[in-house]
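The next block holds one structure in the form of structure tokens; read it before the comments.
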Amino acid sequence: MMFEEAFQAKVDDPGSFVIPISVGGSELLKGMTDLGASINMMPLALYEKLGLVGLEPTRKKLMLADRTSRVPHGKIKDIPILLDGIVVPTDFVVLNIEEKSNDVARWQVLLASDSDVSINSTFASRYVRTPLPRFKMAENSIPKEAAFQIINDELMLDGNPRLNLASFVTTWMEPECDKLMMASINKNYVDMDEYPVTTELQNRCVNIIAHLFNAPLGDSEAAVGVGTVGSSEAIMLAGLAFKRKWQNKRKEEGKPYDKPNIVTGANVQVCWEKFARYFEVELKEVKLREGYYVMDPEKAVEMVDENTICVAAILGSTLNGEFENVKLLNDLLVKKNQETGWDTPIHVDAASGGFIAPFIYPELEWDFRLPLVKSINVSGHKYGLVYAGVGWVIWRNKVDLPEELIFHINYLGSDQPTFTLNFSKGSSQIIAQYYQLIRLGYEGYRNVMENCRENMIVLKEGLEKTGRFNIVSKEDGVPLVAFSLNDNSRHNEFEISDMLRRFGWIVPAYTMPPDAQHVTVLRVVIREDFSRTLAERLVLDIQKVLHELDTLPSRINSKIAASVGENVDNGTLVTKHSDIEATRKIATYWRKYVLEKKKTNGVC
Ligand SMILES: Cc1ncc(COP(=O)(O)O)c(C=O)c1O
């Protein structure tokens, strides 16, 4: 029930209830009151029976849970009510309510529910007591305060994004930018005619990023590119452009065009596997090996054949942050193209590195300076420093994006060329990207990236000092530290990851792809908001975890012992089986354990 007027001070809520009232000693009527809401309601019938006078008009409006709203007949003030021998002057709202018992019962519920929300603390209302719908939509609405509180409270159980060291995605932006984003949260990006300035900002971002990647453009020449939801969408678009170009060429040459493939390292992010599966392109992966966790350009070029639509190199491997050698790949591929007459191009997946290399490794040649690099994607929401929901794909030239993939739609007002997988999306992220580009400029981005790199080194050195870890990331790459235990025979990286959660840290552990799947690593991504203090604190917490693990029996041994009925003595497996049998059991257990963990520890 919603009342437009101010309420009296709240008293303890006894809930709503119906009181039988006798008039003239014989007639029994129902009166209803809800003291908790400081609302007393009297049916019109009772008002009339009592012969009361002094009904005043009221602006109060009652909204009932069945969505009907009622305007009371009026209100009466200071009706003397005898309570336990004391006369209490009481105000009533007089409502024309039918006196059928069922009806009254229904009204009672409704009154109680609404008074709960308007007056009581949300936590005293029934909404926090009843189970929430999980599968089917609830029959009735609930008040906004209750909906907010319930959802807000459940969300408290999510991790703290700032302590989520698993993710490259931005978790902090300046309040001024937050303000801009909130102000544009209701703008659909695709309505370009209605929001021409937003479209203009996206075009400016495309131009700025293309120049950052050394696209061969004149100073005021417009670049070819588009804003996307993230690198995944950007990669789908770039992949489609390669596939279509390759198919067109094969058709012209009268050659079969039904078996396209793409060459990548086995370290590619899952979005490449998605692209391959969704768009029916064979994914040919160069296998990794222990100690070498990126695509080997020589092996990649060996795998290229006439059906290869492109080779995808990663600037900043998801697994260990390492930059792949795009220059060497380009040079080897130029040679192969000359020898074979093919025209195999390169795409650079610079999801993370695209906003790092231009600022702290400007001399590194990985971008459009290399002739075979035809398109590049970058995540605006990673080191582009914008909250989740923005990526970019830039093509070297107009000719690299087949015109037939661009749709021209005009039903929203004017011609709108679009090349995206989805239609509607928010504008805030695009606006925020432009904010970051102009607010930080080259200097600002460089400072942020250098800072991240320094904090990465603090963390790396802290971990090295423990003497327990092998660092598998490189200093000159994405600022992250990927590390594995020197000895994980008693306790493993997954246990460290689990135990760090107790301190609030989210540090993923995962196994490397083939042929390095026996290597497990922990990875800490250093973002802008991960300060030196936090880096030092994390080292201390990792030390604590290591000390604690040292005092615990080996988890794997305990589990194996439990599963085969053996004893664990001080963490050492006392085996009744032959050594070979025990080794086999351990290996089987490990495999199962790692596979289970793999399912729950996706890295992005
Ligand atoms: C190398 C690489 N490519 C692509 C992606 C997917 O990016 P997004 O999350 O922006 O779709 C990631 C995500 O971490 C990545 O690391």
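Before moving on, here are some points about what is shown:
- Over 21 Å (Cα to Cα) - which of Lys299/Lys335; Lys243/Lys398; Lys284/Lys336; Lys274/Lys327; Lys179/Lys425 fall in this group: Lys274/Lys327
- Qualifying chymotrypsin sites (Phe, Trp or Tyr not before Pro) in the range 408-503, DSSP loop, other Cβ atoms within 10 Å at most 12: Tyr411, Phe423
- Whole-Hz ³J(HN,Hα) from phi, Karplus 6.51 cos²θ - 1.76 cosθ + 1.60, for the range 473-490, glycine and proline x: 9, 10, 5, 9, x, 5, x, 8, 10, 10, 8, 10, 6, 4, 9, 10, 6, 9
- Judged by the gyration tensor of its Cα atoms, with axes a ≥ b ≥ c, the range 471-526 is oblate; a/c meets the 1.5 cut and b/c is at least as large as a/b.
- Computed P(r) (all Cα pairs; the range 315-429; 5 Å bins; percent): 2, 10, 16, 19, 17, 15, 11, 6, 3, 1, 0
- Here's how it looks for Val190: its modeled amide H is under 5 Å from those of Lys425, which are all 5 or more places away or on a different chain.
- Ordering of 248-255, 143-150 by burial proxy (mean other Cβ atoms within 10 Å per residue, highest first): 143-150, 248-255
- Amide H contacts of Gly391 (H built 1.01 Å from N, in plane; Pro and chain starts excluded): Thr228, Val229, Gly230, Gly380 sit under 5 Å, all sequence-distant by 5 or more or on other chains.
- Relative contact order (%) - criterion: Cα under 8 Å, at least six apart; region: the range 187-440: 27 percent
- Packing-based order for 189-195, 49-55, 485-491, using average beta carbon neighbours within 10 Å, highest first: 189-195, 485-491, 49-55
- The distance between label points at Glu273 and Ala45 comes to 6.9 nm (points 7 Å beyond Cα on the Cα→Cβ vector).
- Under 5 Å from the amide H of Met42 lie the amide H atoms of Val93, Val94, Leu95, each residue being 5 or more positions distant or on a separate chain, with H modelled from the backbone and absent for Pro and chain starts.
- Among Val190, Gln247, Ser232 - extreme Cα towards positive end, dipole of the range 190-298, charges at beta-carbon: Gln247
- A straight line joining the Cα centroids of the range 468-527 and the range 240-296 runs 29 Å.
- Total formal charge among the other residues, if their Cβ is under 15 angstrom from that of Asn186, Lys/Arg +1 and Asp/Glu -1: +1
- Alpha-carbon gyration tensor eigenvalues x 5, square-rooted, for the range 239-392, Å: 25, 17, 15
No value in this document is a laboratory result; all are computed from the given coordinates. What you see is a predicted model, and the numbers here were worked out from it, not measured in a lab. Positions of Cβ are backbone-derived with ideal geometry, glycine not excepted, and every protein chain shown enters the neighbour counts.
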